[in-house]
Amino acid sequence: MKYRVAINGYGRIGQCVMRALYENGYCHNPVHGMEVVAINELANIETLAYLTRYDTTHGRFPVQVSADDSHLFIGDDRIRVFNEPDPRKINWKDLNIDLLLECSGSFNDRTTANLHIERGVPRLLFSQPAKPDVDATIVYGINEDQLNPEHRIVSSASCTTNCIVPVLKTLNDSLGIEYGSMTTIHSAMNDQPVIDAYHQNDLRLTRSALHSIIPVDTGLAKGINRLLPELKGRFKTSAVRVPTINVSCIDLTVHVSRDTSAAEINRILQQATYGRLEGILGFTNEPHASVDFNHDARSCIVDGTQTHVSASRLVRLLCWFDNEWGFANRMLDVSAHWLKMIWASKNGQH
């Protein structure tokens, strides 16, 4: 069977989720596949079709895209389009959806999610970190086994959390982590102006995204505390935005519990790319620039050429990630895992 999915908010992540569904074959899989049956987005439908068809970062859409007054057509698939800012005015029940992907970036709490639930959404997955009152926060490859069929409102955490948590868990399991710090070096985002302009209360974000490295706030430490409670309170995090359109990295420093070396660290992390983290954690020893990881579906790629150890226990790592494509793929991994679990529960399978 195919699961019926809707997308609320068709910005960068919503568009990448749609593209990943087609590129990865989910839409053409008759057994546990996913099909998008509706999109809710404030932009007009001609703009939605155009931005689906052409993408500066990820290239042309792999399937023909067109539109009429109320539908987006992708290949032979017909997708209903709404332009409704108020979730209470969309009758999701009539669409018989199995899952709503909340990709607007505007909501992150149970109260707002329940507005969708009350209109016929059986379960909702946030594309960003959510308040602690949701049923679960999931980083695929780490804790997807915590999902259960009774969950209604779940978060896929953030692109940075999905990047760094597999690395931290691997190092903590192998060497033990005493404490650490990290700086996210993140590509520019659509909450920044191209030229200086009034934007919001954070005055740094009024400055041109094209001309500066801009410090910004980050909640990454909260994500680490939630996903890896054994490391709670051991990390300080910071972030800067840089003038590139995609691919980011995390500069990580940790103090481990026993003596080690750069060679051992790289060996541990390379071995971790097999098994449960295969396709999620990557490792490279080649000399790279950020553009090499554009459209890379993995959550994190450790750059072994940048691994250093000082005084036997202070470890420095550089971790690359495509902040759009990698996260969109993990969101679909969580969706597929959750929906299959629900199907198995309904059909008496375990």
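Quick notes on this one:
- Looking across segment 192-219 at every residue that is among the β-branched types (Val, Ile, Thr) and assigned to a loop (DSSP other than H, G, I, E, B), the one that is farthest from Asp322 (Cα to Cα) is identified as Ile195.
- Search result, residues across segment 234-264 that are outside any strand (DSSP E or B), loosely packed, with under 15 Cβ neighbours inside 10 Å and under 23 Å from the mean Cα position of the chain (by Cα): Pro243, Ile245
- Only a single item in (1) more than 18 Å from the chain's Cα centre (by Cα); (2) not in a helix (DSSP H, G or I) is not met by Met189, and it is number (1).
- Within segment 11-125, helices (runs of 4 or more DSSP H) holding 2 or more residues that are among the hydroxyl-bearing types (Ser, Thr, Tyr) and at pLDDT 95 or above: 45-53
- Test: residue in segment 324-333 that is within 22 Å of Val154 (Cα to Cα), modelled with pLDDT of 95 or more and of a type in the set (Asp, Glu): yes
- First in segment 61-79 and closer than 17 Å to Arg19 by Cβ, second anywhere and charged (D, E, K, R) and surrounded by 11 or more Cβ atoms within 10 Å (Cβ to Cβ), Cβ under 7 Å, 6 or more apart: Phe61/Arg19; Phe61/Arg53; Pro62/Glu23; Val65/Arg53; Asp77/Glu35
- If you filter segment 279-323 down to residues that are of a type in the set (Ser, Thr, Tyr), more than 19 Å from the chain's Cα centre (by Cα) and part of a loop (DSSP other than H, G, I, E, B), you find that the one that is farthest from Asp55 (Cα to Cα) is Ser312.
The values are calculated or read from the model by the stated rules, or taken from the named source; none is laboratory data. Not measured: the values here are computed from a predicted model. All Cβ positions, even for glycine, are placed from backbone atoms using ideal geometry, and neighbour counts span all protein chains on display.
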